[in-house]
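Down below is the structure, laid out as structure tokens.
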Amino acid sequence: WAVVNTRSSVDPFLTLSTRRDLREKVWRMFIMRGDNGGARDNNAAIAEILKLRAQRAKLLGYPTHAHWRLEDSMAKTPERAVGLMEAVWKPAVARVHEEVADMQAIADRERAGIRISPWDYRFYAEKVRKAKYDLDENDVKPYLQLEKLREGMFWVAGELFGLRFAPLADGSVPIYHPDVRVFRVTDAAGKHVGLWYFDPYARPGKRSGAWMNEYRRQWHLDHDVPVIVSNNANFVKGKPGEPILISWDDARTLFHEFGHALHGLNSNVTYPALSGTSVPRDYVEFPSQLLERWLYTRPVLDRFALHFRTGAPVPTETVQKIERAQRFNQGFITVEYLASAVVDMKLHLAGEVPIDPRQFERDTLAQLGMPSEIVMRHRTAQFGHAFAGDGYSAGYYSYLWSDTLSADAWEAFLEGAGPYDKAVAKRLHDHVFSAGNTVDPAVAYRAFRGRDPDIGALMRKRGFPVRRGRGQSRAPPRADRRPCATLATRPPTSR
Ligand SMILES: [Zn+2]
């Protein structure tokens, strides 16, 4: 195969290949996975899974599988999750139309003689990105030294939660590979909190990507049990003494995974089953997504994002460029995601009626008004989140829900004295990072924020227009529009 039928191979091809005919061929091959008839067609299995899930829900006393799955979530009802998705859908589609117009203008200027089709989206979006937001990774990387950023994360954990990290001498605790380093974590009073394992380098046999592991959860039923967590990544190990330079995305991921680790380390609960990250699915990414924001703060950049040769901090203009570039293509990103999230929810709201997945997908997208230039991120026949297990079934909306929370929570700091506002940080600790699953997430969030979550912050973050209420600077939170939970401590690593 010249182009392997996987996302990591197909996306770059669709972005960079100038051969439109081949882009179309590759695109068709990719979106038809599991939907080509024959032995590897998933449609019959999906129809069967849906039927069995609906029957099980009935036996358990719920109207549908979605109602059962969401009972123990922050959203609580499918209607609430759908309400959030609908609130974001229209502005996202409006943005897609703008993105398509920008791309069409480029195609017309180049006299390509085409109408933008799904296999053109990434290709022309890349041209728009270059023209409007160009940001050279190589301008940023020299400032992003892995070990400096690790120190930056420690510093943030100290500022927000009073935690201190000290390296443990080799051999003092067991490790599973010589690359792994262990840090002892203590609280502001000097009390032992737990151990943080850092396993940053790629090696043969190691799973790809970055993640957090909870080897031992905190609890204190009859005595205090300290936490053991790890952060794992796949950076290429440098030569001894040479700094490892990473991308901005990787730096963000580092902070994200550290957010999960802090959720484990700050836990202060009685029962292990309710500890740390054992929170609902639509809530578990909220602390980690939120922690990413501190990477963008000036104190972290000034002290830790230092050029590996000159020691100068990364310039503000560069960071502003990064922030602008992150709002790029949000129409496409949001719509391809939301289309999958809505279809997932509707499939699991349909109850016991027999379902033809192809037909159902077509009808649902038509009803939604799916832009013709975009296809679902995961078409039904290849939707592993929904059908490879129960974990994310009727739960793909969770990413949007927790993103809504993290955007809104960040603004709590901005409305206060800034990212290091001690009072807001204390509320964040008391009601979110230390609470585990002992409090209903909706109640915990309200205690932290002083109100229910509002979607305005998410819209601002994605660069979508925020609808304003009459005479109000912010639309009042409505129960049916409330953004953003299940016991899945290990969300899929990719969306
Ligand atoms: Zn995460």
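The values are calculated or read from the model by the stated rules, or taken from the named source; none is laboratory data. Not measured: the values here are computed from a predicted model. Reconstructed Cβ throughout: ideal geometry from the backbone, glycine too, with neighbour counts over all protein chains shown. With ligands, DNA and RNA removed, areas are computed over all heavy atoms of the protein, side chains included. Shrake-Rupley method; radii C 1.70, N 1.55, O 1.52, S 1.80 Å.
Details
Yes/no per residue for (1) open to solvent by less than 30 Å² (accessible area, probe 1.4 Å); (2) within 15 Å of the ligand (Cβ to nearest atom); (3) not assigned by TED's automatic domain parsing to the domain that holds G158:
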position	(1), (2), (3)
M212	yes, yes, no
R216	no, no, no
S230	yes, yes, no
D249	no, yes, no
T253	no, yes, no
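- Within segment 354-369, residues that are within 15 Å of K51 (Cα to Cα) and at pLDDT 95 or above sit with their Cβ atoms under 8 Å from residues that are surrounded by 10 or more Cβ atoms within 10 Å (Cβ to Cβ) and of a type in the set (D, E, K, R), at 6+ positions apart or across chains, in these pairs: P354/K51; I355/K51; F360/K346.
- Subset of segment 255-277 [more than 14 Å from the ligand (Cβ to nearest atom) and either within 20 Å of K148 (Cα to Cα) or surrounded by 21 or more Cβ atoms within 10 Å (Cβ to Cβ) (or both)]: L265, N266, S267, V269, S275
- For segment 131-167, filtering for residues that are surrounded by fewer than 17 Cβ atoms within 10 Å (Cβ to Cβ) and of a type in the set (F, W, Y) leaves 2.
- When residues of segment 198-210 are limited to those that are over 21 Å from the mean Cα position of the chain (by Cα) and open to solvent by 60 Å² or more (accessible area, probe 1.4 Å), the one nearest to the ligand (Cβ to nearest atom): G205
- Filtered residue count, segment 232-247, keeping only those that are surrounded by 15 or more Cβ atoms within 10 Å (Cβ to Cβ) and more than 19 Å from the chain's Cα centre (by Cα): 5
- For the condition in a loop (DSSP other than H, G, I, E, B) and at pLDDT 95 or above, D452 qualifies.
- Which listed residue, of R115, R69, is over 30 Å from F183 (Cβ atoms), touching a helix residue (DSSP H, G or I) at 6+ places or on another chain (Cβ under 8 Å) and open to solvent by 30 Å² or more (accessible area, probe 1.4 Å): R115
- Taken as a whole, the condition of being under 30 Å from V96 (Cα atoms), within 16 Å of the ligand (Cβ to nearest atom) and either in contact with a His (Cβ under 7 Å, 6 or more places away or on another chain) or modelled with pLDDT of 95 or more (or both) does not apply to A485.
- When M103, M74 are screened for being at pLDDT 95 or above and either under 20 Å from Q330 (Cβ atoms) or surrounded by fewer than 20 Cβ atoms within 10 Å (Cβ to Cβ) (or both), only M103 passes.
- Residue within segment 161-176 that is within 16 Å of the ligand (Cβ to nearest atom), of a type in the set (S, T, N, Q) and either touching a Phe, Trp or Tyr at 6+ places or on another chain (Cβ under 8 Å) or outside any helix (DSSP H, G or I) (or both) present: no
- Among residues of segment 128-152 that are within 17 Å of Y296 (Cβ to Cβ), those with a Cβ under 6 angstrom from a residue that is open to solvent by 60 Å² or more (accessible area, probe 1.4 Å) and part of a helix (DSSP H, G or I), sequence gap 6+ or separate chain, pair up as Y133/R324; L135/K321.
- Some residue of segment 422-434 being open to solvent by less than 20 Å² (accessible area, probe 1.4 Å) and among the hydroxyl-bearing types (S, T, Y): yes
- Some residue of segment 326-349 being out of contact with any Gly (no Cβ under 8 Å at 6 or more places or on another chain) and under 15 Å from W248 (Cα atoms): yes
- When segment 322-350 is filtered for residues that are assigned to a helix (DSSP H, G or I), open to solvent by 20 Å² or more (accessible area, probe 1.4 Å) and farther than 19 Å from E99 by Cα, only K346 remains.
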